[in-house]
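The structure appears below as structure tokens.
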Amino acid sequence: MKERVSTVMTAQEAKEKILSGQLSFKFVTIKGNLYLASTTIKDSLHFEGAIIEGDLYLRDATIEGYLYLEDATIKGSLHLGGATIEGALYLEGAIIKGSLDLSFKKGPAEIYVTFKQAQLIHWAAPTTPLIIVSKEV
């Protein structure tokens, strides 16, 4: 297991960084709801191992790369309704404590999940291919 870096920022600080082109938030704790509705992100967005202490709101957003959420914890809901993801969505090991909206406008090409997540994710996005990744050591 990777050790967490103790970087903490507000959701507003994270949003400002994303809008200015910083797209990696690996092992960062983000306090509050991160609203990125209708935002266009020109590359991949990384939240591996991050903790989002509220909702991650990407409704109607466009991500022109991949969305990485593996091993992330979202203490609120994940909103991807109407979103476009050009690449894949990586959810393996992610914990989403609130609701899950995967009613995409377009994409992703596939969703990476663990075996334990597969049924839930399939129900949320039944037409998107799932790739099951083993997290066992």
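Each Lys and Arg contributes +1 and each Asp and Glu -1, all at the Cβ; summed about the Cα centre of the range 1-95, the dipole is approximately 220 debye.
Taking all Cα pairs closer than 8 Å and separated by 6 or more residues, the relative contact order of the range 7-132 comes to 17 percent. Ignoring the sites themselves, the chain has its longest run without GluC sites (Glu not before Pro) in a DSSP loop having at most 12 other Cβ atoms within 10 Å at 4-135.
Read through the labelled values [x] 88; [y] 104; [z] 161 and report the label of the one computed as volume of the Cα convex hull per residue in Å³ from the structure. Only one listed value fits the structure, namely [x].
Can you find, among T84, I51, S134, the residue sitting farthest towards the positive end of the charge dipole of the chain, where Lys and Arg contribute +1 and Asp and Glu -1 at Cβ? With unit charges placed on the Cβ atoms, the residue in question is I51.
Give K42/K116; K31/K106; K15/K105; K42/K106; K17/K97 a once-over and call out the pairs whose C-alpha atoms are over 20 Å from each other. In this structure, K42/K116; K31/K106; K15/K105; K17/K97 lie more than 20 Å apart at Cα. Take every DSSP beta bridge whose two residues both sit in the chain; close to 0 percent of them are antiparallel.
We did not get these values from a lab; they are worked out from the coordinates using the rules stated. Computed from a predicted model, the values in this text were never measured in an experiment. Heads up, the Cβs are rebuilt from the backbone with ideal geometry, glycines too, and the neighbour counts pull from every protein chain shown.
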